[in-house]
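The values are calculated or read from the model by the stated rules, or taken from the named source; none is laboratory data. Fair warning: this is a prediction, and the values are worked out from it, not measured in the lab. Here the Cβ positions follow ideal geometry from the backbone for every residue, glycine too, while neighbour counts run over all protein chains shown. Just so you know, the surface numbers come from the protein's heavy atoms only, side chains and all, with ligands and any DNA or RNA stripped out. Shrake-Rupley method; radii C 1.70, N 1.55, O 1.52, S 1.80 Å.
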Amino acid sequence: MSNKRIGILTSGGDCPGLNAVIRAVVKSSTLKNWDVYGIPYGTDGFIGIANGKYQADDLILTKHGYALPGMLKGLDVLQFLSGSVLGSLSKGHPGDPKITEAILKGYEMLDLEALIIVGGDGSLDIIYDLAQKGNWNIVAVPKTIDNDVPFTEWAVGFTTAVDIVTQALYDLTFTAASHERIMIVQVMGRDAGHLALNSGIAGGADIILIPEITPFLTSEVVNGCCHQLMKLRTSGRHFALIVISEGVKGENHESEKYIADYLEERILKQVSYLCDINDPVLCGLTSLDIRATTLGHLQRSGTPLSLDRLLATVYGIKAVELIEEEKYDQVVVWREGQVTSLPLKPIIKIIKQCHAEKRCAFPVDPQGFMVKTARSLGIYLGDYSD
Ligand code: F6P
């Protein structure tokens, strides 16, 4: 078995499970006698190598290990930790020729046979272009709490984020019930509604608004929310949970940083209008007490759930296997209960096209079973009113 030099980097927004991928890659590579170079802060690490900030030898994860000192020496904890021990890079510098040159130089200096990229669709798009320029052999591992990487059912980090939001909804239920309040919870996901939809179902939401079904908070949508709240009240429940995805936009198609607060305002305005016109049904909502919560980056940093650790581990091992087979330009995916890989080229083409058209590369299917499940539970999704 030949001794290989491979690299690994994490890129884009961090998420639970990145360290579990790194651990799996390092462990299985150690057994093969390979050297694994951990590139700090995404592709910026290559710039650091090119300009002498980092010495190649210091980056060899297989040599330096990652075990804890003292009494805990030898304890293998990496898979339990959130974040990335390598650091990550949110926005690269695509298109800057000087930066590109430095990245390519740093890569060349390491003399790597292959590079594992743990990233979401944005990072894959950027790094694929670099790889083409530098003739890099790459294997990608999808990660993102948004779960919007096409052709894989699961991206690392998603299930943990779903769990964090679900737990937050559970916790908010009790204060909501105690004060007979409507809690609006703003959930991440960029322009995809997977996180909001899945956690909303698991967390018992009464209303879930996602960009794939409710791209804009029109008067009809807000009215529909009021109807749903009235329906709950009539049934004897005086509190409610609303989950809104950050990708939902305002009435005039404008992006709102705090879309949950915006919805709160809109519902209150609508209710006071309904009262002014003496709406016989909805006027009863005047005493609505609403609070908005934006969960923010808490959604990115919980301890990875076992499912994410398993996924990360399986993906990491698969990436190493692909390199062993010299099967490059692949992305590791989960499809129909199996881990497998697909060629990156056609997937990147789709991702690029979606980015150019400002569309999500893997949106929630409005006809899919998750949406049907929500409807069957009587959850209001913003696209009908009765
Ligand atoms: O893509 C992951 C994600 O957490 C999105 O859900 C969110 O919109 C974005 O990253 C936040 O990015 P930042 O960490 O740069 O604020």
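Return the residues of the stretch 267-312 that are more than 28 Å from Asn147 (Cβ to Cβ), open to solvent by less than 40 Å² (accessible area, probe 1.4 Å) and acidic (Asp, Glu); say none if nothing qualifies.
The one that is more than 28 Å from Asn147 (Cβ to Cβ), open to solvent by less than 40 Å² (accessible area, probe 1.4 Å) and acidic (Asp, Glu): Asp279.
Could you look through the stretch 172-192, keep only residues that are assigned to a strand (DSSP E or B) and within 16 Å of the ligand (Cβ to nearest atom), and pick out the one that is surrounded by the most Cβ atoms within 10 Å (Cβ to Cβ)?
Residues of the stretch 172-192 that are assigned to a strand (DSSP E or B), as a first pass: 182-187.
With within 16 Å of the ligand (Cβ to nearest atom) added as a condition, the list becomes 185-187.
Numbers: Val185: 24, Gln186: 25, Val187: 36.
Filtering the stretch 172-192 for residues that are assigned to a strand (DSSP E or B) and within 16 Å of the ligand (Cβ to nearest atom), the one surrounded by the most Cβ atoms within 10 Å (Cβ to Cβ) comes out as Val187.
Could you check the stretch 123-157 and list, in sequence order, the residues that are of a type in the set (A, V, I, L, M, F, W, C) and under 22 Å from Val187 (Cα atoms)?
Of everything in the stretch 123-157, those that are of a type in the set (A, V, I, L, M, F, W, C) and under 22 Å from Val187 (Cα atoms) turn out to be Ile145, Val149, Trp154, Ala155, Val156.
Taking the stretch 198-220, which residues are part of a helix (DSSP H, G or I), surrounded by 24 or more Cβ atoms within 10 Å (Cβ to Cβ) and not small (Gly, Ala, Ser)? Don't jump to the end; show me each part of the working.
We begin by selecting, within the stretch 198-220, every residue part of a helix (DSSP H, G or I); these are 198-202, 219-220.
So of that shortlist, the ones also surrounded by 24 or more Cβ atoms within 10 Å (Cβ to Cβ) come out as 198-200.
The one that is part of a helix (DSSP H, G or I), surrounded by 24 or more Cβ atoms within 10 Å (Cβ to Cβ) and not small (Gly, Ala, Ser): Asn198.
Anything in the stretch 83-123 that is away from the ligand (no atom under 16 Å from the Cβ) and on the phi > 0 side of the Ramachandran plot? List them, or say none.
Hits for the stretch 83-123 are Gly95, Asp111.
Those residues that are in contact with a strand residue (DSSP E or B) (Cβ under 7 Å, 6 or more places away or on another chain) and within 16 Å of the ligand (Cβ to nearest atom), I need them from the stretch 193-207; list them, please.
Once the filter is applied, which keeps residues that are in contact with a strand residue (DSSP E or B) (Cβ under 7 Å, 6 or more places away or on another chain) and within 16 Å of the ligand (Cβ to nearest atom), the stretch 193-207 yields Gly193, Leu195, Ala196, Leu197, Ser199, Gly200.
Is at least one residue of the stretch 58-68 assigned to a loop (DSSP other than H, G, I, E, B) and within 16 Å of the ligand (Cβ to nearest atom)? Step through it out loud before you land on a result.
Filtering the stretch 58-68 for residues assigned to a loop (DSSP other than H, G, I, E, B) gives 65-67.
In the following step, the residues that additionally are within 16 Å of the ligand (Cβ to nearest atom) were identified as none.
Checking the stretch 58-68: not a single residue is assigned to a loop (DSSP other than H, G, I, E, B) and within 16 Å of the ligand (Cβ to nearest atom).
Pick out the one residue from Glu246, Glu336, Glu325 that is touching a strand residue (DSSP E or B) at 6+ places or on another chain (Cβ under 9 Å), of a type in the set (Asp, Glu) and either loosely packed, with under 14 Cβ neighbours inside 10 Å or more than 30 Å from Leu115 (Cα to Cα) (or both). Steps first, please.
Details: Glu336 fails: touching a strand residue (DSSP E or B) at 6+ places or on another chain (Cβ under 9 Å); Glu325 fails: touching a strand residue (DSSP E or B) at 6+ places or on another chain (Cβ under 9 Å).
Step by step, each of Glu246, Glu336, Glu325 is checked, and only Glu246 is touching a strand residue (DSSP E or B) at 6+ places or on another chain (Cβ under 9 Å), of a type in the set (Asp, Glu) and either loosely packed, with under 14 Cβ neighbours inside 10 Å or more than 30 Å from Leu115 (Cα to Cα) (or both).
Residue by residue, here is whether (1) polar (S, T, N, Q); (2) in contact with a Gly (Cβ under 6 Å, 6 or more places away or on another chain) holds:
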residue: Ile145; (1), (2): no, yes
residue: Trp154; (1), (2): no, no
residue: Phe158; (1), (2): no, no
residue: Ala161; (1), (2): no, no
residue: Gln167; (1), (2): yes, no
residue: Glu180; (1), (2): no, no
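Among the residues of the stretch 350-386 satisfying the criterion of being part of a helix (DSSP H, G or I) and among the hydroxyl-bearing types (Ser, Thr, Tyr), which is surrounded by the most Cβ atoms within 10 Å (Cβ to Cβ)?
Across the stretch 350-386, the extreme among qualifying residues is Thr373.
Could you say which residue among Leu124, Leu130, Leu104, Leu112 is under 24 Å from Glu324 (Cα atoms), hydrophobic (A, V, I, L, M, F, W, C) and in a loop (DSSP other than H, G, I, E, B)?
On the way: Leu124 fails: in a loop (DSSP other than H, G, I, E, B); Leu130 fails: in a loop (DSSP other than H, G, I, E, B); Leu104 fails: in a loop (DSSP other than H, G, I, E, B).
Answer to the selection: Leu112.
Within the stretch 202-255, how many residues turn out to be over 19 Å from Ala168 (Cα atoms) and touching a Lys or Arg at 6+ places or on another chain (Cβ under 7 Å)?
Residues meeting the conditions: 6.
Can you tell me how many residues in the stretch 133-151 are under 22 Å from Arg335 (Cβ atoms) and either part of a helix (DSSP H, G or I) or within 15 Å of the ligand (Cβ to nearest atom) (or both)?
Selection size over the stretch 133-151: 9.
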